[in-house]
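**Student:** Below are the structure tokens for one structure; questions will follow.
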Amino acid sequence: MQRTPTSASVWKEPSEELLQHEIHEECGVFGIYTGPGCFAAQDIFNGLMALQHRGQESAGISVSDTEGSRGNICTRKGMGLVSEVFGPAELAGLRGNIGVGHVRYSTTGASVPENAQPIAMNYMKGSLALVHNGNIINAEAVKQEQLLRGQAHYTTSDSEVLAYEIISERVKTHAVEEAVFHVLKKMRGGYACIVMSPRKLIGVRDPLGIKPLVLGEREGAYILASESAAVQAVGGRLIRDVRPGEIVVITADGIRTDTRMCGLQQAHCVFEYIYFARSDSVIDGIEVHDARFRAGQALGKSAPAEADIVAGVPDSGLIAAEGFSRETGIPFVLAFHKNSYIGRSFIKPTEEERKLAVWRKLSVLKSAVAGKRVVLIDDSIVRGTTMRQIIAMLREAGAREVHVRISSPPFLHPCFYGTDVPSSRQLIAAEHNSEEICRDIGADSLSYLKVEDFKGMVGDLPLCRACFDGIYPV
Ligand code: AMP
């Protein structure tokens, strides 16, 4: 297929290594360094609650007391939501003033307790805990090297490969951050990690900045988190994004930064803006809410419709629907009630289960749509299940016409950097053209955002948009 690379030196089609890489993980990471005697676990709990949308499968916290003489790291983790894994008793058992936390979501198949994080390890020079969001695409090759060196480990994930590599490097270096640097220099992929030794927190972001990581502060404390919303949730203030490739070291003496891995090339994940991040987060200087609103406006400009109302699919389509309404002048209407206590339909294993989950989660407000020509906005169509279902529900409630507008381009390619995009076989747009999809989901018309419109959404921010254009930056 003909492609138009935006930067010839970096962009390329997926390698064999990428194509064999099947893990899908979406995660949130949080770390805090507070003063002596403070209780970090409560802050980490609050931070993870603010990142719960990034993963609902497992949660975990590791803490350490920097004043303690023994340098122990104490870890607790389990399957389920943050509030299910941590009650007051579990938190009370986590004594320490620095720590890291993790929420994880993987697609079905890898949903096992062994994959819960933090990964905590003891080794010759001490102990460490690691939390990781993203995918290391050459983890398998690094694991083979570990085996060749006689350091055989029955590792189950790329995060564990990473942790083993750091402790084996640590023996040769004078400081843990040096080991982190040497290891991550040879790792490829999209990642945001926080490594914790008993008296240090080290945050690192992949050299292209695919995955987000921010630095925040609160009186007497420094914070690292996947999103700024988590910094706010602990009463903190966003300082800045961790730079792509930067290693930030937090100790009792303050912050140091290592920019040896920083390069000129960047490729920030566009899907964070489209769907994944919380709308009140600011990522790489752009408010997620505003990006979504502008995507809706761009859609209104490029694909207006003759209609009476604009409705968004809760929650992911609401902001873009407002943008569409602002652009076209068609009134924005709340057309659905969403049951917020039902989990995500997206990760159910079968089509039938996904359908049932949509029914349980959403119902139509009949009086809002009966007899109306509706523009229906959502952030994405992946397999088509959600849209098909919702359009049927709108028609049953009396909607006269349903014009679907999607605030992202068609999903054509899988993601290898840690976002759950199924294989091309399951992506409806990879198998069918727009007219066929329109017919299949039962819409009167269907239009998507154009890849060119990303510029209107996020300005000149360099993006990884491989799931839409198949051009993989790593
Ligand atoms: P589908 O029903 O398979 O077409 O999925 C589309 C719906 O899932 C949309 O409402 C999206 O907001 C949501 N969605 C898209 N991508 C993801 C993802 N990676 N994880 C969870 N939900 C998603």
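The values are calculated or read from the model by the stated rules, or taken from the named source; none is laboratory data. If you're wondering where the values come from, they're calculated on a predicted model, not measured in any experiment. Every residue, glycine among them, receives a Cβ derived from its backbone with ideal geometry; neighbour counts consider all protein chains shown. Quick note on the areas: whole protein, heavy atoms, side chains included, nothing else; ligands and nucleic acids left out. Shrake-Rupley method; radii C 1.70, N 1.55, O 1.52, S 1.80 Å.
**Student:** Pairs of alpha-carbon atoms within less than 8 angstrom and 6+ residues apart define the contacts here; what relative contact order does the chain have, in percent? Mind dumping the intermediate values first?
**Tutor:** Values: 1129 pairs, mean separation 67.9, N = 474.
For the chain, the relative contact order is 14 percent.
**Student:** Decide, for segment 278-367, between rounded, prolate and oblate: order the square roots of the alpha carbon gyration tensor eigenvalues as a ≥ b ≥ c, take rounded if a/c falls under 1.5, and otherwise choose prolate if a/b is larger than b/c, else oblate.
**Tutor:** oblate
**Student:** Sticking with this structure for a sec: For segment 288-459, build the convex hull from the C-alpha positions and give me its volume per residue in Å³.
**Tutor:** Numbers: hull volume 19.6 nm³, N = 172.
Normalising the Cα hull of segment 288-459 by residue number yields 114 Å³.
**Student:** What lysines does LYS355 reach when the alpha-carbon gap must be under 29 Å and sequence neighbours fewer than 8 apart in one chain are set aside?
**Tutor:** LYS338, LYS366, LYS372, LYS450
**Student:** Per DSSP H run of n ≥ 4, the term is -39500 (n - 2.57); total these for the chain, divide by its residue number, and report the mean residue ellipticity at 222 nm rounded to 500 deg cm²/dmol.
**Tutor:** So the helix-based figure for the chain works out to -8000 deg cm²/dmol.
**Student:** What lysines could a cross-link reach from LYS455, if we take a straight Cα to Cα line under 29 Å and drop same-chain neighbours fewer than 8 places away?
**Tutor:** LYS12, LYS211, LYS301
**Student:** Same structure again: Pop out the ³J(HN,Hα) list for segment 216-229 in order, Karplus 6.51 cos²θ - 1.76 cosθ + 1.60 with θ = phi - 60°, rounded to Hz; leave Gly and Pro as x.
**Tutor:** x, 9, 9, 3, x, 9, 10, 10, 10, 7, 4, 9, 5, 4
**Student:** Can you give me the orientation-averaged projected area of the convex hull built on the Cα atoms of segment 228-329, in nm²?
**Tutor:** Over all viewing directions, segment 228-329 projects a mean Cα-hull area of 8.8 nm².
**Student:** For the chain, what Kirkwood radius comes out of the mean inverse Cα-Cα distance, in Å? Write down the numbers at each step before the final one.
**Tutor:** Details: mean 1/r = 0.0436 Å⁻¹.
Its Kirkwood hydrodynamic radius stands at 23.0 Å.
**Student:** For segment 288-459, report the accessible area per residue in Å² (1.4 Å probe, heavy atoms, rounded to an integer).
**Tutor:** With the other protein chains kept in place, segment 288-459 gives 42 Å² per residue.
**Student:** Could you give the alpha-carbon Rg of segment 403-448 over 2.2 N^0.38 Å, rounded to two decimals?
**Tutor:** Taking the Cα Rg and dividing by 2.2 N^0.38 Å, one obtains 1.21.
**Student:** Right, something else. Given a 1.4 Å probe and the protein chains all in place, what does the accessible area of ASP65 round to, in Å² to the nearest 10?
**Tutor:** Taking all protein chains as shown, ASP65 has close to 70 Å².
**Student:** Follow-up. Using label points projected 7 Å from each Cα along Cα→Cβ, tell me how many nm separate GLN265 and ALA392, to one decimal.
**Tutor:** Here the answer is 4.5 nm between the modelled labels.
**Student:** Ignoring any ligand, DNA or RNA, what whole percent of the accessible area of the chain comes from carbon and sulfur when the probe is 1.4 angstrom?
**Tutor:** That fraction is 51 percent.
**Student:** From the residues ILE381, GLY87, HIS182, which one has its Cα farthest along the dipole of the chain in the positive direction, the dipole being from +1 and -1 charges on Cβ of Lys/Arg and Asp/Glu about the Cα centre?
**Tutor:** In the chain, that residue is GLY87.
**Student:** Which GluC sites (Glu not before Pro) in segment 146-226 pass both tests, a DSSP loop state and at most 11 other beta-carbon atoms within 10 Å?
**Tutor:** GLU219
**Student:** If you don't mind, another one. Efficiency by 1/(1 + (r/R0)^6): what FRET value for LYS455 and ASP308, r their Cβ-Cβ distance, R0 = 22 Å, to the nearest 0.05?
**Tutor:** 0.10
**Student:** Could you state the principal axis extents of the C-alpha atoms in segment 23-266, from the largest down, to the nearest angstrom?
**Tutor:** Principal-axis extents of segment 23-266 (Cα, largest first): 44, 39, 38 Å.
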